[in-house]
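Read the structure below first, then the notes.
Every number here is computed from the coordinates shown, using simple stated rules; none is lab data. Keep in mind that this is a model prediction, so the values were computed, not measured. Glycine also receives a Cβ, built like all others from the backbone with ideal geometry; neighbour counts cover every protein chain displayed.
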Amino acid sequence: MSDTLIEDVADDRTLRHWTFTGAARVKIGSEAHKQMFCRMLLETHNPYKPAVLEWPALEPDALERLCSLPIWDIAVQTEGRASINVHTYAAQVSDPLLREAIRMDGDEEARHKRVLSKLIAAYGIEIAPEPAYPAPRDPEWAWMRTGYSECIDSFFAFGLFRSAQQSGYFPESLVETFEPVIQEEARHILFFANWVAWHRRTMPLWRRPWHALRVLAIWAVLIWERVAIAKGIDANGVVHDSNFLPANSSVIGEALNAREMIELCLAENERRMSGYDARLLRPKLVPALARLALRFMKSSRRPGTPP
């Protein structure tokens with residue numbers, strides 16, 4: 001494992017640009033499709049070690065902004081639950097290549113939690129005691145819930161992270177430390193979107209209606225959870241000041257309005273996915289809903305700017 005997130009520009013490019021063998025069309029649900037999305041995740045893995053990361057010293061105002069963000073409890077707990085959910089599902093997968101890829105996904109989720117824990121310790125951020133993370137009783141449900149949840153959260157995280165970078169809300173040194181972690185989430189949702197399509201195509205026809213109902217139920221749960229979090233209540237019923245996007249996007253994002261933020265999320269989602277083989281399916285639902293929302297919003301052109 002490396003001692004830093006990215007040691008070389010060439011290594012960084014390798015993690016963000018990947019092409020499967022050959023140029024032929026890959027049929028969704030085929031063995032080649034499985035090979036492609038599994039190899040993408042495995043071959044773009046960044047072997048950094050959180051324990052040896054050197055967190056940059058922050059100016060007092062930057063440190064205060066970082067510590068005051070109301071996201072750290074939920075962020076740590078989300079990664080903790082994600083890692084156990086993914087690892088539990090991986091343990092029951094019989095296909096060796098698929099099991100290896102999903103296990104690596106879980107390892108990276110656990111590593112994200114360690115990165116957050118190191119950051120919190122380095123900057124003296126206070127968080128609530130962590131709950132236990134029991135193994136899920138229904139591993140496939142937990143794996144799909146984690147994957148769809150990341151498809152939602154990563155889409156908006158891409159835009160917020162870029163907005164924070166552009167506005168200078170976070171120092172560049174801190175942005176550089178976290179950048180590869182954000183890119184790992186892009187790989188995760190790309191892998192998950194292809195797994196979903198492959199899994200659906202390879203299951204018996206009689207199972208597909210039940211699978212579709214489970215997916216709808218997961219989306220209902222995720223929407224309810226995010227409404228609760230927006231009101232300051234997490235998935236475990238604990239009250240937090242977690243109205244992060246509406247309360248803080250104007251500070252982090254140079255007073256971006258809702259339309260501008262959605263446009264930035266769409267652009268960043270495309271940018272982070274663009275380096276990977278075009279034959280891989282991209283997550284579609286959240287970007288599609290974002291584009292639909294833009295149709296009902298006023299133009300983001302500011303007064304005095306040319307049309």
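Points to keep in mind about this one:
- Percent breakdown of C-alpha pair distances by 5 Å bin, ordered from the shortest bin, for segment 27-294: 1, 5, 12, 16, 20, 18, 14, 8, 4, 1, 0, 0, 0
- With the cut-off at under 17 Å, measuring from each backbone N in segment 56-81 to a point 7 Å along the Cα-to-Cβ line of S173 picks out 56-67.
- Distance from the alpha carbon centroid of segment 147-194 to that of segment 38-93 works out to 11 angstrom.
- Here's how it looks for W18: its modeled amide H is under 5 Å from those of Y276, D277, which are all 5 or more places away or on a different chain.
- For segment 103-182, dividing the convex hull volume of the Cα atoms by the residue count gives 115 Å³ per residue.
- Total formal charge among the other residues, if their Cβ is under 11 angstrom from that of P171, Lys/Arg +1 and Asp/Glu -1: -3
- Across segment 27-294, the mean sequence separation of Cα contacts (distance under 8 Å, 6 or more residues apart), normalised by length, yields a relative contact order of 27 percent.
- Local electrostatic count, K118, Cβ distance below 13 Å [Lys/Arg +1, Asp/Glu -1]: +2
- Quick note on segment 59-162: its Rg to Rh ratio, both from C-alpha atoms and Rh being the Kirkwood radius, is 1.03.
- Other residues within the sphere of radius under 10 Å centred on the Cβ of P136, judged by their own Cβ, net out at +1 (K and R +1, D and E -1).
- ³J(HN,Hα), Karplus 6.51/-1.76/1.60, whole Hz, each residue of segment 269-278, x for Gly, Pro: 4, 5, 4, 6, 8, 5, x, 9, 2, 5
- Residues S68 and R259, FRET efficiency given R0 of 22 Å [Cβ-Cβ distance, rounded to 0.05]: 0.25
- Packing-based ranking of 23-35, 76-88, 202-214 yields 76-88, 23-35, 202-214, ordered from highest to lowest mean Cβ neighbour count within 10 Å.
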